[in-house]
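The values are calculated or read from the model by the stated rules, or taken from the named source; none is laboratory data. Values in this document were obtained by computation on a predicted structure and should not be read as measured data. Please note: Cβ atoms are built from the backbone with ideal geometry, for glycine as well, and neighbour counts cover all protein chains shown.
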Amino acid sequence: MNILFRMGIGFLIGCIASLIFGHWFIPMLRRLKAGQSIREEGPQSHLSKAGTPTIGGIMFLAALPVGLLLAKNFNYQTAILCISLYGYALVGFIDDYIKVINKRNLGFRAWQKLLAQIAISILVIFMISSSESLSTGILLPGTDRLLHLGILLIPFVVFVVVGTVNSVNLTDGLDGLSSSVTIVVMLFFALVSYKMDRNEVALFCVILAGALIGFYHYNKYPAQVFMGDTGSLALGGAVVAVAFLLNLPLILPLAGGIYFIETLSVILQVASFKLRGKRIFLMSPIHHHFEQKGHTEKQIVRMFVIVEIILCAISYWILF
C-alpha cells in the first residue's frame, strides 16, 4: 500500500476515532464530576472555567492506536514513540487524578513528577541506543554531520526531554492552544520524516495530528473539555521522542518555538522579579500577558498558530 495513501487513511481514522470517543467520553467525565480546578492567581476570566471536564487527553490517546492498527504501523520505532507518549500520559493521568479527587490544582509533588519524567527519558534513549538500525547521534541542522556526545548523551537527553515535555505542558493554558500548536508540529515532523524516508515515524505523526484535530473540535474556545496533564505531558513526550528518533533534537527550539517562548517567558518573569523586583510581563506564561492586554483567547491562539507555522516553515527550509 502506498505510504501517502496510508498516511491519509491514518490521518482520517485518527480524526474520526477521536471525534467518536469525545461524543461519549465527555458526558462520562461530567457524570464522574472530573472537573478542572482553576488557579486563583491566574486570569480572573478563567474562573468561569472551573468544573469543565479534564483528563480529555484520553480521547486522542485512545484514537491513536486505532489509527496505528488500521494503517498497519506497528514496529520498533512506533513502540519507542508509544512508550514515550503513554509513559508521560501515565504521569499526567496520576497527577490529574490526584487533582480531581482532592478538588485542588496541585497533584504530584514537583520532585515526584521530575523523577518519573527522568526515568521515562532514560528508558526512551536506552531503547534507541539498543537498536542497531537507529543512531543516537545528534544531527546538526542544515548539515549532514552527526554529533556523538558519548557519555554526555544521557544528561543531554534528560535535559531536552524534561524541558520539552514541561514546555508543552505550559502551553496548555488557553482553550485549543496546545492542541492546535501541536497539530502544526506533528505535521511538520510528518513531512520531515517522509522526506528522510522514515515512513513509520511519518505515519505516527499524521495519525496523532488527525487525532488531535478530532480532539480540537471539543477543546476549542469555549472548551467542552481540557486535555489535562494526561494530554499535555503525553504530547510533549511524543514531540521529543520523534525529534530524537530523527536525530533532530537541536531543531526543537525553532520548530517547537511556541513551546519554548512560553517557557522562556516564565523564566524571564521569575528571574526579573527576583533580581529587580519588577515583572517583565503582566502575567506569565506569555499567553496570559496577551490576555491581560485585552486580546481574546481566539485571537491569541490564532496568532500563536500562525507564528508556529512560520517557525516550522523556516525549520523545514534549514533542514532541506
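Some observations on this one:
- Test result for Leu235, at pLDDT 95 or above, surrounded by fewer than 24 Cβ atoms within 10 Å (Cβ to Cβ) and within 25 Å of Thr136 (Cα to Cα): no
- Residue check for Ile251: at pLDDT below 95 and either within 11 Å of the chain's Cα centre (by Cα) or over 25 Å from Ala62 (Cβ atoms) (or both): no
- Any pair with Cβ under 8 angstrom, 6 or more apart, that starts in the range 126-147 at a residue that is of a type in the set (Gly, Ala, Ser) and ends at one that is in a strand (DSSP E or B): Ser135/Leu146; Gly137/Leu146; Gly137/Leu147
- Helices (runs of 4 or more DSSP H) enclosed by the range 205-320 - at least 1 residues per element that are over 20 Å from Asn166 (Cα atoms): 257-276, 286-292, 297-319
- Residues in the range 79-101 that are surrounded by fewer than 17 Cβ atoms within 10 Å (Cβ to Cβ) and under 14 Å from Met127 (Cα atoms): 2 in all.
- Within the range 127-158, tally of residues that are surrounded by 13 or more Cβ atoms within 10 Å (Cβ to Cβ) and part of a helix (DSSP H, G or I): 8
- Matching residues in the range 105-155 - criterion: being within 21 Å of the chain's Cα centre (by Cα) and among the polar types (S, T, N, Q): Asn105, Gln112, Gln117, Ser121
- Val225 being crowded, with 24+ Cβ neighbours inside 10 Å, of a type outside the set (Gly, Ala, Ser), in contact with a Pro (Cβ under 6 Å, 6 or more places away or on another chain) and in contact (Cβ under 8 Å) with a residue 24 or more places away in the chain: yes
- Only residues that are surrounded by fewer than 24 Cβ atoms within 10 Å (Cβ to Cβ) and part of a helix (DSSP H, G or I) were counted in the range 191-200, giving 5.
- Residues that are more than 17 Å from Met59 (Cβ to Cβ) and not small (Gly, Ala, Ser), drawn from the range 229-248: Val239, Val240, Val242, Phe244, Leu245, Leu246, Asn247, Leu248
For every residue, the table says whether it meets (1) touching a Leu at 6+ places or on another chain (Cβ under 6 Å); (2) at pLDDT 90 or above.
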position: Leu47; (1), (2): no, no
position: Gly57; (1), (2): no, yes
position: Ala71; (1), (2): yes, no
position: Ile101; (1), (2): no, no
position: Ser121; (1), (2): no, yes
position: Ile128; (1), (2): yes, yes
position: Phe156; (1), (2): yes, yes
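- Whichever residue in the range 279-320 is touching a helix residue (DSSP H, G or I) at 6+ places or on another chain (Cβ under 6 Å) and free of Cβ contacts under 8 Å to residues at least 24 places away in the same chain and, among such residues, is surrounded by the most Cβ atoms within 10 Å (Cβ to Cβ): Ser284
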